[in-house]
Each structure stands twice: as C-alpha cells, then as structure tokens.
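Below you'll find the structure, written out as structure tokens, and then a few comments.
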Amino acid sequence: MSSKTVVITGASRGIGLSFAKLYQAKGYYVYAVCRSASTELATLGVNVIEQVDVTKDEDISKLASALEKVSIDLLINNAGILSDEQLGSIDKDSIRRQFETNALAPLAVTEALMNNFSENAKLALITSRMGSVEDNTSGGRYGYRMSKAALNIAGMSLSHDLKPRGVAVAILHPGLVGTEMIGGYGDITPEQAAERLAQRIEDLNLENSGTFWHSNGQVLPW
C-alpha cells in the first residue's frame, strides 16, 4: 500500500468522486476538494475540503492554507463545467464562466500549490479532446472547446515550467463518460474513466510530460 498524497478538485461527484474512491483504495491520503460535499463523498472517509470554488481567488487561498503543511505527490485538476453555445446565439458570459472554471482555475490552483509538490510529483489536468483543433469535425460548443484548448496549452507550458522541479504533467481526455455533466450517457462509467486515467498517470514521467492522452492510451492531436 502507498502512503502518497493526492489532491483532487471537483471531487463531489462524477470522475472526481471516482478518483477519490480509487486512490483511497490504493492507500493514498486523499484530499477531496469541492464546493459542497455529496453524501457519498462525505461518508467515504477521506479528507474533504469544502466551500472551495476554484474560480475564486479567496477560495484558492483558503485551499492553499488548508494544505499548507501537506506534501502533494499528485494533484488532479478535475473540476470543470460544460455549456452549449451555437453560432447565432453566442452567450459571452457562458463562455467566460467556462474559461474561468476550465482553464484559469486549474492554472491558479496549480500555482497556489506548486511549492507543496514532493520530489517526483505529478500533475494531471482533466481536459477534453473537444479542445483539439485537428479533431474538431462538428463545430459548436464554443465555450467548452475554447476553454479546453486554453487548458491544453497551459498544460504544455506547465510541463516545461515544472520540469526543473521534477514535476511531470499529464493532459488527459477521459473519454465519453456517463456523468451528470453530459446528461448521464456515455461509452464508459466514471469508475472506468478513473481507472484508465490513473493508468495514464502511473505511466507519466518527465520524458513524456506534456503529452495529450486519451484515457485509453492514444496520443491525441493538438
């Protein structure tokens, strides 16, 4: 069993909750970060840090204070939102909210916690292949696509900037997962997604840091 520490954002449900369960079973010390804990998370027996909205600077500062003396072996920036904007009815406020949550928040959380990283720590960014320019064959979803593309480039920059600290970065697409965020339909369950993503994280090192992976192991186009 491991005695490593993992910090997971967006941990109250979906893939984040599945990550919390999985890493708890692996013997990690789990810090589950969320705005409000679900009943399932609250009864899991992990360290829950509630009332953290990752888009708010004061909440990120509160998170950093709560983890001040914690050495982090793995940080999983999982929190995200999905809205749908189509050409002809673009909602800029909706797009801004997705940028704040999907792109800016993971960068801000990482920056706030980077001095907590242990030797050979790992950073995982849960993104989407919808942030791929080459893979966009259907259009639409402007805010989600744009925000995930922004997260992808942030992940690449982080892979370079954190390399001297010995921190490897994975940019991860979970697959089409049946979560509440997309209405419950999908090809795989949140539990299956977490298991596959954990394998990608296990395979992560400084040599392949900055890779954009599908959870099935496929390297995705930018």
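Quick look at the numbers
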| item | result |
| --- | --- |
| Filter pass, Ala124 being under 14 Å from Tyr31 (Cα atoms), touching a strand residue (DSSP E or B) at 6+ places or on another chain (Cβ under 6 Å), in contact (Cβ under 8 Å) with a residue 12 or more places away in the chain and not acidic (Asp, Glu) | no |
| Members of the stretch 151-180 that are touching a helix residue (DSSP H, G or I) at 6+ places or on another chain (Cβ under 7 Å), surrounded by 19 or more Cβ atoms within 10 Å (Cβ to Cβ) and either of a type in the set (Val, Ile, Thr) or outside any loop (DSSP other than H, G, I, E, B) (or both) | Leu151, Asn152, Ala154, Leu158, Val169, Ala170, Ile171, Leu172, His173, Val177, Thr179 |
| Unmet requirement for Lys69, which otherwise passes all of (1) of a type outside the set (Gly, Ala, Ser); (2) in contact (Cβ under 8 Å) with a residue 40 or more places away in the chain; (3) not in a helix (DSSP H, G or I) | (2) |
| Flag if Val7 is without any contact (Cβ under 8 Å) to a residue 60 or more places away in the chain and either surrounded by fewer than 22 Cβ atoms within 10 Å (Cβ to Cβ) or closer than 17 Å to Leu74 by Cβ (or both) | no |
| Criterion: within 18 Å of Gly155 (Cα to Cα) and either under 17 Å from the mean Cα position of the chain (by Cα) or modelled with pLDDT of 95 or more (or both) - qualifying residue of Leu67, Leu82, Leu63, Leu74 | Leu74 |
| Hits in the stretch 128-150 - residues which are buried (at least 18 other Cβ atoms within 10 Å of the Cβ) and in a loop (DSSP other than H, G, I, E, B) | Ser128, Ser132, Arg141 |
| Output for the stretch 60-103, where each listed residue is of a type in the set (A, V, I, L, M), within 23 Å of Ser128 (Cα to Cα) and crowded, with 19+ Cβ neighbours inside 10 Å | Leu74, Leu75, Ile76, Ala79, Ala103 |
| Number of the exception - Gln24 against (1) surrounded by 15 or more Cβ atoms within 10 Å (Cβ to Cβ); (2) among the polar types (S, T, N, Q); (3) in a loop (DSSP other than H, G, I, E, B) | (3) |
| Test for Ile153: is it among the aliphatic types (A, V, I, L, M), out of contact with any Leu (no Cβ under 7 Å at 6 or more places or on another chain) and under 19 Å from Ile171 (Cβ atoms) | yes |
| Matching entry among Leu125, Leu107 (being crowded, with 19+ Cβ neighbours inside 10 Å and either at pLDDT below 95 or not in a loop (DSSP other than H, G, I, E, B) (or both)) | Leu125 |
| Criterion violated by Gly210 - all others in (1) on the phi > 0 side of the Ramachandran plot; (2) over 17 Å from the mean Cα position of the chain (by Cα); (3) not hydroxyl-bearing (Ser, Thr, Tyr) satisfied | (2) |
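So that you can scan it fast, the table gives a plain yes or no per residue for (1) crowded, with 16+ Cβ neighbours inside 10 Å; (2) at negative phi; (3) outside any strand (DSSP E or B):
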| site | (1), (2), (3) |
| --- | --- |
| Ala20 | yes, yes, yes |
| Ala32 | yes, yes, no |
| Glu40 | no, yes, yes |
| Val52 | yes, yes, yes |
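The values are calculated or read from the model by the stated rules, or taken from the named source; none is laboratory data. All values reported here derive from a predicted model rather than from experimental measurement. Here Cβ is always computed from backbone atoms with ideal geometry, including for glycine, and neighbour counts include all displayed protein chains.
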